[in-house]
Amino acid sequence: MKTATCAALGLVLIAAGGCANTQRSRNLNDPQVPAQVTAQQVCSNCHGLDGNSTSPNFPALAGQQEKYFIAQMEGFRNHNRLDPAGFEYMWGLSRHLTDAQIKGLAAYFSQQTPVPKPAGATQLTSRGAEIFDKGIPDKNIPPCMACHGPHGQGNDTFPRIADQHADYLVKQLQVFQRTEQRPEGGVMKQVAHELTQHDMQAVAAYLQALPVGK
Amino acid sequence: MPTKAQHNLLLPIRSALAGLSIAYTILLSLLPSPAQALPVFARQTGQNCVSCHAGGQFPELTPYGRAFKLTGYTLGTRTVPLSVMGVASYADVRNTSKSDTPSADFQKNGDPLLATGSLFIAGKVTDNIGAFSQITYDNYASQSNDGKYHGHTQADNIDLRYADRFIDANRDVIFGFSLNNNPSIADPWNTAAAWIQYVPAPSPTSYQFIDGNAPFPGFGAGGNIAGLNAYLFWDKTVYAEAGVYQTANHALSLFSAGVADADKTKLQGLNNPYWRLAISHEWGPHNVMVGTSGMIAHVYDSGSDTADPNNLGRFRNVGVDAQYQYLLDPHALTVQMAYMRQKQFYSANTLAGDPSPYFLPDGTTPVAAYNASDTSNIFRTKLTYVYQAKYGGSLSFFNSTGSTNTLNQSAGFDSNGQITSTDPLSTGISSTRVTGNLSGNPATRGFTYEAFWTPEQHVRVGAQYTAYSKFNGAKDNYDGFGRNASDNDTLFLYVWGAY
């Protein structure tokens, strides 16, 4: 490769990349980047292009309630959500996003179609269905559907929990039960207080593969 | 050698880097908990190291880390593009007695030292351009006759990228170009030759048997050359990369800055293609990759006249590699495998040069003539587990085999049928102890056991023990002086940090 070729190539690269490319940008500090672009270029890496994440390390966002989504993003941005999954991955990514971008991301993911995950063992999911529908009266644990809706679809600031990764649900229930890392979820701290590990796994397994039409 | 101008330019950089490296490594050694701050990529994304590095163990990448790299280090927010890295270490070779001069054969054995430090200039430049460039200072690069060690700074891994990504409901295509100085440095999987060896290996000779210096699958061309590669990652499934390499000179001499001219890898024109193909799949917390890579490099003999085609040799490398990861907090499990087959064709001048000085044990029959080429096969596999991104361990196995060639003998019988390192009878024939090869065969095999602790995401404290069952073609007496492979077993302790 001759020097001239090299220099020319360098110039081409700089010219090609010198300008902001807002339609395919991964810049998280540019208010001009549309939310859909950020969802595609950044969020999709972990949460999936359609909000159905592959890895249970990362929550599915498809069909998520917009108000809940916005509250969480603001919680990350303001460092009010302190659980490891929050601060390790999301504090930084959200730090410069504008309100408008967060709102746009909420709209983008709320419009995606959730995909149920594989069903767990019947015995486990039966117990999960029981908790979801009726709660555990002996322990004053209300049914999940009371706040999260009959289909687990969520409502306003109550998140969609249907079709969520079981592993993620269990970890978040543990965060509510054992820590003060999600202060906005004070209600869930009371709900999860008496939940056993087995019951957490049961309800999470049920929700991960919530039957269609349920 | 660098020109005077280059030398003058490098001088303050060297001094500053040396100072920085030493100060930083001292800081790491002394402080139980370093300051809360992030290396440049983490500052750019604002994320924890565990986002991009599996179980927090740099440099192995998660699927997200691979996407970050392939999109040209452009995700996030532009920030101060500087980071530093340092390694403090300790090595203890099992047997240092079978040596004429242990102080030379096992420099710094049993002495803690501040081994190396690197400065990184890296990160997002524009929406499409990003960089990863490393300059490394070696605190023990050379030793003068008075026993004093001398540091040296040179260009390490450099990867300058242009990348773009087209993603919608119908497609996800990442493509880009990498201008780099090390074949496979642009690769996002850590079974690639440029990445599979991970803890920086200090230079003193007591470290010559640590895992980092045991056989690893690699390309014959080595590093500090210059290549332009194009790559494509389609639907997170197919990764393809192809490029050509040349000598790092003229406008690209920065890629070999600090390397003496005689030590530079000199390649013939652009006649040095590299290719890579990998298939990847993710499901649940699992991901797997199976790939292949190869390179043909036309390399002039070290320090030789590049105008003479008889100094030109050739390497042909073909490798396969695979990686499986299970990443679900708090667990990170990785299984890696890499195999490289290399055919080396020697230059005409090498083959026409002085014949082997060695004889058969009778002291009268010369050893066989040189082979015109050699074949080698290097296999590596590694199992790693990390809990809570803090406590980890790994088990590695390496096995190097290859053809026997008297050209590669560095020990043998002299004309009196003796093997000596001091040539007492003035035969003009001497052998090398400790690193000597009596058989002319490269076979080396062993295991490395490792435990490590990441007390804070920027620091890893590790202990490796590498045990050899074969070295330089033999289990026992591989150097002709009674040194056995197991004499080289080495304990290596390190404190490795980045800021």
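The values are calculated or read from the model by the stated rules, or taken from the named source; none is laboratory data. Here the structure is a predicted model, which is why all the values come from computation and not from measurement. When we count neighbours, we look across all protein chains shown, and the Cβ atoms used for this are built from the backbone with ideal geometry, even at glycine. Keep in mind that these areas ignore ligands, DNA and RNA; they rest on the heavy atoms of the full protein, side chains included. Shrake-Rupley method; radii C 1.70, N 1.55, O 1.52, S 1.80 Å.
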Within the stretch B:331-372, track down each residue that is polar (S, T, N, Q), outside any loop (DSSP other than H, G, I, E, B) and farther than 25 Å from B:Gly480 by Cβ.
B:Thr334, B:Gln336, B:Gln342, B:Asn349
Residues that are touching a strand residue (DSSP E or B) at 6+ places or on another chain (Cβ under 7 Å) and either open to solvent by less than 20 Å² (accessible area, probe 1.4 Å) or over 30 Å from A:Pro34 (Cβ atoms) (or both): does the stretch A:169-186 have at least one?
no
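Just to be sure I understand, how many residues within the stretch B:462-499 are touching a His at 6+ places or on another chain (Cβ under 9 Å) and at pLDDT 95 or above?
So in the stretch B:462-499, the residues touching a His at 6+ places or on another chain (Cβ under 9 Å) come out as B:497-499.
Imposing the further condition that a residue be at pLDDT 95 or above reduces the set to none.
Qualifying residue count, the stretch B:462-499: 0.
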Any chance B:Gly151 is more than 13 Å from B:Tyr231 (Cα to Cα) and away from every other protein chain (no Cβ under 11 Å):
yes
Sort out which residues of the stretch B:194-205 are hydrophobic (A, V, I, L, M, F, W, C) and open to solvent by less than 30 Å² (accessible area, probe 1.4 Å), and write them in order of number.
B:Ala194, B:Ile196, B:Val199
For A:Met145, all conditions in the list (1) at negative phi; (2) outside the structural domain of A:Ala204 (by TED's automatic domain parsing) hold save one; what is the number of the exception?
(2)
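Yes or no, residue by residue, for (1) assigned to a strand (DSSP E or B); (2) touching a Pro at 6+ places or on another chain (Cβ under 9 Å); (3) surrounded by fewer than 21 Cβ atoms within 10 Å (Cβ to Cβ):
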{"residue": "B:Asp92", "(1), (2), (3)": "yes, no, yes"}
{"residue": "B:Thr96", "(1), (2), (3)": "no, yes, yes"}
{"residue": "B:Asp111", "(1), (2), (3)": "no, yes, yes"}
{"residue": "B:Tyr137", "(1), (2), (3)": "yes, no, no"}
{"residue": "B:Ser142", "(1), (2), (3)": "yes, no, yes"}
{"residue": "B:Gln154", "(1), (2), (3)": "yes, no, yes"}
{"residue": "B:Tyr162", "(1), (2), (3)": "yes, no, no"}
Taking the condition within 14 Å of chain B (Cβ to nearest Cβ) and closer than 15 Å to A:His47 by Cβ, does A:Gln101 pass?
no
Would you check which residues across the stretch B:178-190 are within 14 Å of chain A (Cβ to nearest Cβ), more than 21 Å from B:Ser203 (Cβ to Cβ) and buried (at least 24 other Cβ atoms within 10 Å of the Cβ) and list them?
B:Ser178, B:Asn180
Restricting the stretch B:371-397 to residues that are under 12 Å from B:Ala451 (Cα atoms) and of a type in the set (Val, Ile, Thr), which is surrounded by the fewest Cβ atoms within 10 Å (Cβ to Cβ)?
B:Thr384
Identify, by number, the condition in (1) closer than 19 Å to B:Ser83 by Cα; (2) within 26 Å of the chain's Cα centre (by Cα); (3) within 14 Å of another protein chain (Cβ to nearest Cβ) that B:Tyr162 doesn't meet.
(1)
Look at A:Pro114 and say whether it is open to solvent by less than 60 Å² (accessible area, probe 1.4 Å) and within 14 Å of another protein chain (Cβ to nearest Cβ).
no
Anything in the stretch B:249-284 that is surrounded by 20 or more Cβ atoms within 10 Å (Cβ to Cβ) and either within 10 Å of chain A (Cβ to nearest Cβ) or part of a strand (DSSP E or B) (or both)? List them, or say none.
B:Leu252, B:Leu267, B:Tyr274, B:Arg276, B:Ala278, B:Ser280
Looking at the stretch B:77-106, I want the residues that are closer than 17 Å to B:Gln134 by Cβ and touching a residue at least 40 places away in the same chain (Cβ under 8 Å) and have a partner that is open to solvent by 20 Å² or more (accessible area, probe 1.4 Å) and assigned to a loop (DSSP other than H, G, I, E, B) with Cβ atoms under 7 Å, at least 6 apart or on another chain. Which pairs are those?
B:Ser83/B:Pro39; B:Ser83/B:Tyr499; B:Val84/B:Tyr499; B:Val87/B:Pro200
Can you pull out the residues in the stretch A:124-158 that are in a loop (DSSP other than H, G, I, E, B), open to solvent by less than 20 Å² (accessible area, probe 1.4 Å) and under 25 Å from A:Phe58 (Cβ atoms)?
A:Gly149, A:Gly152, A:Gly154
Give just the number: which of (1) over 28 Å from B:Val173 (Cβ atoms); (2) in a loop (DSSP other than H, G, I, E, B); (3) within 14 Å of another protein chain (Cβ to nearest Cβ) does B:Gly55 not satisfy?
(2)
Restrict the check to the stretch B:340-349 and report whether at least one residue is free of Cβ contacts under 8 Å to residues at least 40 places away in the same chain, away from every other protein chain (no Cβ under 14 Å), open to solvent by 20 Å² or more (accessible area, probe 1.4 Å) and not charged (D, E, K, R).
yes
Can you pull out every residue in the stretch A:189-211 that is open to solvent by less than 40 Å² (accessible area, probe 1.4 Å) and part of a helix (DSSP H, G or I)?
A:Val191, A:Ala192, A:Asp199, A:Met200, A:Ala202, A:Val203, A:Ala204, A:Ala205, A:Tyr206, A:Leu207, A:Gln208
Go through (1) in contact with a Lys or Arg (Cβ under 7 Å, 6 or more places away or on another chain); (2) assigned to a loop (DSSP other than H, G, I, E, B) and name the single condition B:Trp453 misses.
(2)
Filter the stretch B:224-248 down to the residues that are open to solvent by 30 Å² or more (accessible area, probe 1.4 Å) and outside any strand (DSSP E or B) and list them by number.
B:Asn224, B:Asp235, B:Lys236, B:Thr237
Condition test on A:Asn155, is it in contact (Cβ under 8 Å) with a residue 40 or more places away in the chain, touching a Cys at 6+ places or on another chain (Cβ under 8 Å) and over 24 Å from B:Leu327 (Cβ atoms)?
yes
List the residue pairs whose Cβ atoms are under 9 Å apart, where the first residue sits in the stretch B:192-206 and is without any contact (Cβ under 8 Å) to a residue 40 or more places away in the chain and closer than 17 Å to B:Thr116 by Cβ, the second is among the basic types (Lys, Arg) and open to solvent by 30 Å² or more (accessible area, probe 1.4 Å), and the two are 6 or more positions apart or on different chains.
none
Could you tell me how many of the residues in the stretch A:29-61 are touching a residue at least 24 places away in the same chain (Cβ under 8 Å), aliphatic (A, V, I, L, M) and surrounded by fewer than 23 Cβ atoms within 10 Å (Cβ to Cβ)?
1
